[in-house]
Amino acid sequence: MLGMCHLTFTACGFYRSRRLATNGTLATEGLKATTIIAILVAAGAKLFRTPIHPASLLLFWVLASSLVVGTSLLSRFAVSKIRRRGRNLRYLMILGTNPRAVEFAKRLESRRELGYRIVGFVDEDWAGSADFVGTTYKHCSDFKGLAEFLRWNVVDEVAFYLPLRSFYGLSSEVAALCEHHGIIMRFGASIFDLKIAQSGVDELGGDHHLTAFAGSHAVWSSVVKRTIDIIISATMLILLAPLLIVIAVAVKLTSPGPAFFLQERVGLNKRRFLICKFRTMVQNAETLLAGLETLNEVSGPVFKIKNDPRMTPCGSFLRRTSLDELPQLFNVLKGDMSLVGPRPLPVRDYAGFNEDWQRRRFSVRPGITCLWQVNGRSSLPFDRWMELDIEYLDRWSLWLDLKILARTIPAVMKGSGAA
């Protein structure tokens with residue numbers, strides 16, 4: 001029965017992102033799903049010769065429809081209130097500065113319950129630029145500087161408002177760039193040669209857009225993943241509280257400085273956050289890094305050496321056993337990270353990226369563990385690490401997360417690739 005309901009809700013689009021759906025659409029989807037389920041129940045009763053009274057079936061349909069539709073509308077109302085207060089936002093960039101693009105931005109801003117914020121507009125100087133300058137909107141980049149802008153700014157979605165007939169080639173290049181970064185794209189009827197992005201049609205700001213995105217954006221699975229993150233991280237923090245206190249005291253007693261190490265990392269769609277770990281190095285480790293660059297033992301922009309002279313005796317043990325990672329459970333609980341996802345990298349490492357396809361790893365929440373951790377960690381070359389992260393995005397499912405979590409414990413106990 002549960003499986004039948006799940007398949008029905010999936011077929012009716014109930015688990016897709018419904019940020020842009022109207023209340024009427026939500027109600028229609030709910031009624032469609034409960035009607036199909038009621039019909040299947042009646043068919044099953046007929047097939048297995050189980051008597052069922054029509055009044056009972058009607059009561060089931062009424063109660064199920066009221067519950068499903070009511071829950072959807074109540075959730076929409078609660079989320080809208082949250083978005084109006086500046087939470088759960090999506091940062092959108094608009095390609096083009098023509099009147100149609102500006103009008104779209106105005107309509108979008110008038111619907112604050114959708115939770116969109118305009119990052120700015122991208123365009124070259126043209127005959128109508130003077131009219132755009134007269135608006136209050138920000139011109140954030142031209143096309144030549146767009147790649148660099150995307151590398152260092154939070155952009156969740158890009159809306160294409162260029163005249164596609166005359167700018168098709170340029171729009172295709174921008175679409176490929178967005179695909180590399182894992183950024184959701186919204187454009188008109190033109191279809192680009194995208195290799196991995198999935199597509200669908202949404203109504204946004206009064207216009208219908210063809211929406212393209214790379215990776216999984218299934219709302220139901222994302223909600224379950226976030227729920228698992230909250231439950232497991234909260235439970236582990238409670239159970240491990242005595243151990244966390246012991247480690248914090250040990251770090252303080254064995255070397256001068258704070259027990260915890262906070263560092264700015266690059267997270268979801270380039271959002272910055274402070275990662276929390278137990279301090280494993282001397283207090284001025286960050287300032288000493290420049291003098292050790294020539295000793296780097298791994299390929300790519302990241303820095304790792306096995307016998308790092310900045311490591312404290314206690315820190316060496318914490319690194320080897322991965323106990324220094326435990327405070328990241330606070331980051332998971334807060335929502336900056338997930339239990340499973342590509343590792344969050346320091347800004348210094350991110351600055352060394354030279355391939356945009358690698359930046360798609362930042363289109364999901366970073367995690368404590370991922371395929372890299374269970375396949376050798378620091379013993380793997382940088383390019384292979386990035387390939388594993390992209391493989392995780394393309395293969396993602398809740399089942400894959402559970403398998404990675406199960407494989408993480410023996411990997412940590414072996415200490416393979418720890419550095």
_Options I118, I94; residue that is farther than 23 Å from T25 by Cα, in contact (Cβ under 8 Å) with a residue 40 or more places away in the chain, touching a helix residue (DSSP H, G or I) at 6+ places or on another chain (Cβ under 6 Å) and of a type in the set (A, V, I, L, M)_ = I94
*Mind counting the residues in region 38-84 that are of a type outside the set (A, V, I, L, M, F, W, C) and under 24 Å from T25 (Cβ atoms)?*
11
*Check region 279-286 and report whether any residue there is at pLDDT below 90, open to solvent by less than 70 Å² (accessible area, probe 1.4 Å) and either more than 20 Å from the chain's Cα centre (by Cα) or of a type in the set (V, I, T) (or both).*
yes
*Would region 357-374 turn up any residue that is in a helix (DSSP H, G or I), touching a residue at least 12 places away in the same chain (Cβ under 8 Å), of a type outside the set (F, W, Y) and surrounded by fewer than 19 Cβ atoms within 10 Å (Cβ to Cβ)?*
no
*asked:* Can you pull out every residue in region 387-411 that is in a helix (DSSP H, G or I), touching a residue at least 60 places away in the same chain (Cβ under 8 Å) and not hydrophobic (A, V, I, L, M, F, W, C)?
replied: D394, D401
*Residue that is most open to solvent (accessible area, probe 1.4 Å) [pool: residues in region 262-278 that are in a strand (DSSP E or B), in contact with a Phe, Trp or Tyr (Cβ under 8 Å, 6 or more places away or on another chain) and within 23 Å of F353 (Cβ to Cβ)]*: E264
*Among the helices (runs of 4 or more DSSP H) lying completely within region 52-162, list those that include at least 1 residues that are open to solvent by 30 Å² or more (accessible area, probe 1.4 Å) and modelled with pLDDT of 90 or more.*
99-109, 146-152
*Can we say P301 is in contact with a strand residue (DSSP E or B) (Cβ under 9 Å, 6 or more places away or on another chain) and assigned to a loop (DSSP other than H, G, I, E, B)?*
yes
*Of all residues in region 304-335, count the ones that are among the β-branched types (V, I, T), at pLDDT below 95 and assigned to a helix (DSSP H, G or I).*
1
*asked:* If I filter region 336-356 down to residues being modelled with pLDDT of 90 or more and of a type in the set (D, E), which single residue comes out as surrounded by the fewest Cβ atoms within 10 Å (Cβ to Cβ)?
replied: D349
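Just checking, does region 287-297 include any residue being within 30 Å of T254 (Cα to Cα) and not in a helix (DSSP H, G or I)?
yes
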*So how many residues does region 232-246 have that are surrounded by 11 or more Cβ atoms within 10 Å (Cβ to Cβ) and either among the acidic types (D, E) or under 21 Å from L339 (Cα atoms) (or both)?*
9
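The values are calculated or read from the model by the stated rules, or taken from the named source; none is laboratory data. These figures come from a predicted structure and were not determined experimentally. Methodologically, a virtual Cβ is constructed for each residue, glycine included, from the backbone with ideal geometry; neighbour enumeration extends over all protein chains shown. What goes into the accessible areas is simple: the full protein's heavy atoms, side chains included, and nothing from ligands, DNA or RNA. Shrake-Rupley method; radii C 1.70, N 1.55, O 1.52, S 1.80 Å.
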